[in-house]
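Asks: Let me begin by handing over the structure; questions about it come next.
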Amino acid sequence: MNPSPTPIIEVRDLHLAFGPQRVFEGLNLEVMPGEVLTLIGGSGCGKSVLLKTILRLLTWQSGTVVVDGEDISDYREDQMLSVRRKVGMVFQNGALFDSLTVFENLAYPLRERGCDDDAVLAARASEVLEMVGLPGIEHKMPAQLSGGMRKRVALARAVAEAPKVLLYDEPTTGLDPINVRRISELILDLNRRLQITSLCVTHDLPSAYMISDRMAMVAERRIIEVAKTDELRHSDNPVVRDFLTAMDSATARASGIPPLPAPEPRRP
């Protein structure tokens, strides 16, 4: 029997608070190599905070965070540079530099790593734009792009450094259904084509169901359940069931399509 793979991201007994506001109390999570794992949960439960913690953009009071075999819990900022090169992030608003062209946005992280060969930068920009279905827009400014195009450029910038892991913070927020599906398909395509691991935060359940190998629910300052997507949809945990039913109903109201009946819980 083959041994179980080592998690590429492991969070153990994480405790994090902002002053008196406790965000996590003993949170545990493992993300396995090559999978797409989606974090779900109510607004303000700490999903985006967890992504920033994995990048050590935030510090915590106790617990351990391991990224690709490195315990980063006590890393200094200079030690985190090499870790962050292995972990790309797609921010909710895209976080493009409005004063730079698409090419300069894509070249920026590569220049930060010391690449100053314009031919190499141009070739890489062309390659990643092709990956996200936007060839030939290097000269455009972000203001000239639609919301969906900006999201795809942000995704292209995240993969430009060839990371092992991609973190997505609400990648489909503010997009119409066609672009939601396009971004969801891109997440799956890049995950398979580049053989990377993806950890995604989203409130969009149809997108989550489409892209996820596993889903994890954040509630009560911890992960209360992690399971394969179909298993989570049939969870016997009342907190999970109530959340999914409410979100399915909200999605149905927004689309005008009657919601699916609540799935039956798993049977022993």
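Just so it is clear, none of the values below were taken in a lab; they were calculated from the coordinates. Values in this document were obtained by computation on a predicted structure and should not be read as measured data. Note that each Cβ is placed from the backbone with ideal geometry, even for glycine, and that neighbours are counted across all protein chains shown.
Asks: Efficiency by 1/(1 + (r/R0)^6): what FRET value for His15 and Lys52, r their Cβ-Cβ distance, R0 = 22 Å, to the nearest 0.05? Before the final figure, lay out the partial values.
Replies: Working: r = 16 Å, r/R0 = 0.71.
E between His15 and Lys52, to the nearest 0.05, is 0.90.
Asks: Can you pull the one-decimal nm distance between simple spin-label points at Leu81 and Asp189, each 7 Å off the Cα toward Cβ?
Replies: Spacing of the two 7 Å Cα→Cβ label points: 3.5 nm.
Asks: Let me ask something additional. Let me know the volume per residue of the alpha-carbon convex hull for the stretch 97-162, in Å³. Walk me through the numbers before you get to the answer.
Replies: Numbers: hull volume 4.9 nm³, N = 66.
Dividing the Cα hull volume of the stretch 97-162 by its residue count gives 74 Å³.
Asks: Using the Cα centre as the reference, give the magnitude of the dipole from point charges on the C-beta atoms of the chain (Lys, Arg: +1; Asp, Glu: -1; all else neutral), rounded to the nearest 20 debye. Each step should come with its number before you reach the end.
Replies: Details: 31 positive and 36 negative charges, 75 e Å.
Computed charge dipole of the chain: roughly 360 debye.
Asks: Here's another thing I want to ask about it. Take the Cβ-Cβ distance between Glu225 and Met141 as r, set R0 to 45 Å, and report the resulting FRET efficiency rounded to the nearest 0.05.
Replies: In this case the efficiency is close to 0.55.
Asks: Cα-based Rg (one decimal) and Dmax (whole number) for the chain, in Å?
Replies: For the chain, the Cα radius of gyration and maximum Cα-Cα distance read 19.1, 61 Å.
Asks: Going by a ≥ b ≥ c, the root eigenvalues of the Cα gyration tensor, does the stretch 119-217 fall in the rounded group (a/c under 1.5), the prolate group (a/b larger than b/c) or the oblate group? Let's see the in-between values first.
Replies: Working: a/c = 2.33, a/b = 1.38, b/c = 1.68.
Oblate is the answer for the stretch 119-217, as a/c is 1.5 or above yet b/c matches or exceeds a/b.
Asks: Past the 25 Å Cα-Cα mark, which pairs from Lys52/Lys140; Lys140/Lys164; Lys86/Lys151; Lys86/Lys140? Intermediate values should be presented prior to the final figure.
Replies: On the way: Lys52/Lys140 30 Å; Lys140/Lys164 28 Å; Lys86/Lys151 20 Å; Lys86/Lys140 28 Å.
Pairs exceeding 25 Å: Lys52/Lys140; Lys140/Lys164; Lys86/Lys140.
Asks: Would you mind checking the stretch 132-153 for residues with the amide N under 16 Å from a putative spin-label position 7 Å along Cα→C-beta of Asp98?
Replies: 141-147, 150-151
Asks: Cα convex hull of the stretch 174-231: how many Å³ per residue?
Replies: Each residue corresponds to 92 Å³ of Cα convex hull volume.
Asks: Using every Cα-Cα pair within the stretch 1-106, state what percent have a distance larger than 16 Å. Provide the component values of the computation, followed by the final result.
Replies: Working: 3601 of 5565 pairs.
Looking at the stretch 1-106, the distances longer than 16 Å represent 65 percent of pairs.
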